[in-house]
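Have a look at the structure below before the remarks.
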Amino acid sequence: MPILIQVALPLPQNRLYTYALPEELLPAPGFLKSDLVGIRVLVPFGKRTLTGVIVESEGVEAVEGIREIFELLDERPIFTPSMLNFTKWIADYYLASWGETLKAALPQGMSPQSVLFAEILIHMSDEEIAEMARRAPKRAALLKELMNYSGAITVGHLEQQLNSESISAQLEALERQGIIRSQRVVSEEVHAKTQKAIRLAPQLAEDNDELREILDDLDSSAPKQALVLSHLYLHGLHNQTPMLSSELLKATKASASALSALVNKGFAIEFEAEVIRREKGDPYGNTLVQREEGALQLTIEQDHAVQKILEGIEAETFKTFLLHGVTGSGKTLVYVQAIREILVRGKSALLLVPEISLTPQLIDRFKAIFGEDIAVMHSKLSQGERFDMWREIQAGRMRIVIGARSAVFAPLKNLGLIIVDEEHEPSYKQEAPAPRYNARDCAIMRGSFEKAVIVLGSATPSIESMFNAYAGKYHLLEIQHRADGAKLPDIHIVDLKQARKKKELTGSFTHELIDAITERIAKKEGVILFQNRRGFSRWLECYDCGAIPKCQNCSVSLTYHKYRHQLQCHYCGFTVPAHKACVECGNPEMNDVGAGTQRVEEELAGILKKKGISATIQRMDLDTTRKKGSHRKILQAFANGDIDILVGTQMVAKGLDFSRVTLVGVINADLQLYVPDFRSAERTYQLLTQVSGRAGRSSELTGEVLVQTGHPDHQAILAAQAAQYDIFYNDELQMRKEAMYPPFSRFVVIEFTGLNEAQVDEHSHLFARLIPENFAAVKKIGPTVPTLPRLRTKWRRVLVLKDVKQTDASGQQLRGLLAHAMHQYSERFATGSIKVTVDIDSYAGI
């Protein structure tokens, strides 16, 4: 009798699917139904094959047309009850399906599915394709694209190349004509890697006298075999893990025949052992650690923060702390002490960071203190490395995990502490695909399910987090002074408007900033220059007609990259050679407008050369750090003094702790200030404070920050200069309250995208009509045309909802309203050519 189960599938539909599980597929006789929950299954779904997760196995009612599963992929559950509850909360809150959320919680390769491939069988002539194009242009375009490939190609790739939402009708027509062939292939599941290993025969491991006799005999008859056998014995005495055959041969310089002889004589046993795939080399080799973190004395403020966190750990209950410490105040040392306590108690710890590549020093410090038993989860790991790391964590062999937002799903056992470093960072928000979660908020919810302590750390806490702290939801801990006797840098505002009037501006540099740079170079001190835009200039513009080269896929100008002589879209990656002349009017002169990091680097090199000053300038942005290890290489050279001036984007604003840096220059503080986003002032304040914090981190050298701005009186600029968070917070909070923005509301963006602009606009209005006008808790804005009407070939419209928390504290009314509207839309208006995405607590500008 088959067992009826409910399965969550990685599909956008918010529902569960019922399948039958034949008893013969159970892992073992007597396997309980309840033990099935949390196991992955391979199931048929229409013509496809998908991987789902069993979420219910008891009391499931039969439905019509029920199908049997293909396979159980696990012998035991890989999702614990608390992780199932956690992922279900994410799915419900962010209006994603449970299956999509469970898939997001697993490493790539653990959710195999069928992929549709197409392959051409009959090659047609240009004349035949032209004839087909007159009758069926889409079919002809597909056929022409297929003729570019020698073998099978995925349908998803073809749709991308043809810029089409769906080509299923064209595929079916061509297949009926016998011109092409299509087939579905199930992608291979990632597996553990095995290698040949060797161990001593059991009787020899237990009987030392017999082993000595055998070694004595082999010493005279086969000395290489004796060496191999003795080495194998010694390895077994000191190690729990098996020895790989290749390692044994390398260590003894013996031949494979010597090993085979020992196996044939019954003295050793060769077998397949699982091996852990690790990154080649050590990208986190403690090379950037400039001090012994674990040996540092706590300041009074640090000690108070540690004691309060330890009290929370002692209570063994869920509690959230907001650690507000100025830049350089030693928040990392507080994290270290809290993790030490957690490990002593036999529990595990999770440390979330905004981006692994931007925080190499932080990882180095933890490696130096806690050794190699730290799992570092990041995007540069291969699929196999990520899978092995996940299994090591799940098995309990790794009790500290450091990772970016997806690490919030790490399968840690007995989780006691979650730390979210730089909790204000927008990179904690997942934009696509679903679920569009905020890892900071999810970390807090996971802590509630695990009864763990949460520490949110930042020098510039988000408005929402500080509001929660003042409201009593979080315990606020403050560190107002830098550690080691270092002082906060002096911040000076340089008015760009006045500099232009006085003609004290050379390119992007005021004379004041140039003088400060030359002074630091003379002293052999480090300089960081911050410009939050890469490339050479924002765009090229024709002197005569004013034409600006635009991206063919997005409603945005192309950024000029001078060193590659290219124009590039920073949204979709579209690239073309830079035009020597205007494509509109033919004018040979194109003016480069605005300054990116490339231009800043070039201008500064020219200025210093004219002054006869020799200095090494290095740019650090996405263009110069694409290669693996390049980010660390640049920082190491800067730490060693081989680089005098570091010019960069946000990469230089976060996580860098170099005592030699005494000057930070902000080229243009206004780049973020007036973007169409209600968080623009907050992000400007945070960036300025964070990058300013890179200066003066030594008690021996004072730091200085020069901020060039055209708006010296803006509240975000003044608050950053005064290093007074409360000044900014109070002003910003009042403006948010008047406009009913977070933290007083939930900010929801519903985006409509498609290839036909008129259709996108129509559907956005159809959906908007399903949202009541007079709903007390939810305020509706739009639909509107966003700042970027077209992005990655798709036209866009957005509908904004503000869910007033005072009226709808839990958000239940919002979710009910949206669920009803989405159901009505799918029943009455939905079409495959229009995509609708709902982003709860959105960080997107409009």
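The values are calculated or read from the model by the stated rules, or taken from the named source; none is laboratory data. These numbers were taken from a predicted model, which means no experiment stands behind them. Positions of Cβ are generated from backbone atoms using ideal geometry, with glycine treated the same way; all protein chains shown enter the neighbour counts. These area figures cover heavy atoms from the full protein model, side chains too; ligands, DNA and RNA do not enter into them. Shrake-Rupley method; radii C 1.70, N 1.55, O 1.52, S 1.80 Å.
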Just need log10 I(q)/I(0) for segment 702-846 at q = 0.13 Å⁻¹, Debye formula, equal scatterers on the alpha-carbon atoms, no solvent, rounded to two decimals. -0.70
Which whole-number percentage describes the relative contact order of segment 1-80, with Cα contacts under 8 Å and a sequence gap of 6 or more? 38
Can you compute the equivalent ellipsoid semi-axes for segment 752-811, i.e. the square root of 5 times each eigenvalue of the Cα gyration tensor, sorted largest first and rounded to whole Å? 27, 12, 8
Antiparallel %, DSSP beta bridges [both residues in the chain], to 5: 55
Sulfur and carbon atoms: percent of accessible area, segment 321-459 [1.4 Å]: 48
Counting only protein heavy atoms, what percent of the accessible surface of segment 639-760 is carbon or sulfur at a 1.4 Å probe? 47
Filter K103/K780; K610/K633; K429/K802 down to the pairs with a C-alpha to C-alpha distance above 22 Å, please. K103/K780; K610/K633
Length-normalised contact order for the chain - Cα pairs under 8 Å, 6+ apart - percent: 10
Between E738 and T787, what FRET efficiency follows from the Cβ-Cβ distance if R0 is 22 Å, with the result rounded to 0.05? 0.45
If you place +1 on the Cβ of every Lys and Arg, -1 on the Cβ of every Asp and Glu, and leave all else neutral, what size is the dipole of segment 36-167 about its Cα centre, to the nearest 20 Debye? 200
Per-pair calculated FRET efficiency, R0 = 30 Å: D713 and T506 via Cβ, rounded to 0.05: 0.75
Dipole axis of the chain (+1 Lys, Arg; -1 Asp, Glu on Cβ), positive-most option in L635, H765, I393: H765
Given Cα positions, please report Rg to Rh for segment 119-214, the hydrodynamic radius being the Kirkwood one. 1.59
Residue span A205 to L701: 0.36 nm per residue of separation minus Cα-Cα distance leaves a gain in nm of 172.4 nm
Taking the Cα centre as origin and putting +1 on Lys and Arg beta-carbons and -1 on Asp and Glu beta-carbons, what dipole magnitude results for the chain, to the nearest 20 debye? 1800
Over the chain, average the accessible area per residue using a 1.4 Å probe and give it in Å², no decimals. 46
Please tell me the relative contact order of segment 620-724 in percent, rounded to the nearest whole number, where contacts are Cα pairs under 8 Å and at least six residues apart. 28
Accessible area of segment 60-122 belonging to carbon and sulfur atoms, whole % at 1.4 Å probe: 50
Could you give the length gained by full extension between A62 and I613, i.e. 0.36 nm per residue of separation minus their alpha carbon distance, to one decimal place? 190.2 nm
The lysines whose Cα lies under 23 Å from the Cα of K308, excluding any fewer than 8 residues away in the same chain, are K319, K331, K347, K451, K473
Taking the alpha-carbon centre of each part, the distance from segment 411-427 to segment 440-492 in Å is 12
Mind giving me the nanometre distance, one decimal, between the label points for Q480 and E589, set 7 Å out from Cα along Cα→Cβ? 5.8
Of the candidates A776, S465, L9, the farthest towards the positive dipole end of the chain (Lys/Arg Cβ +1, Asp/Glu Cβ -1, centred on the Cα centre) is A776
Given q = 0.25, 0.26, 0.30 Å⁻¹, what are the Debye log10 I(q)/I(0) values for segment 665-725, with equal point scatterers placed on the Cα positions and solvent ignored? -1.05, -1.12, -1.38
With +1 assigned to the C-beta of every Lys and Arg and -1 to the C-beta of every Asp and Glu, and no other charges, what is the dipole magnitude of segment 623-669 about the Cα centre in debye, to the nearest 20? 300
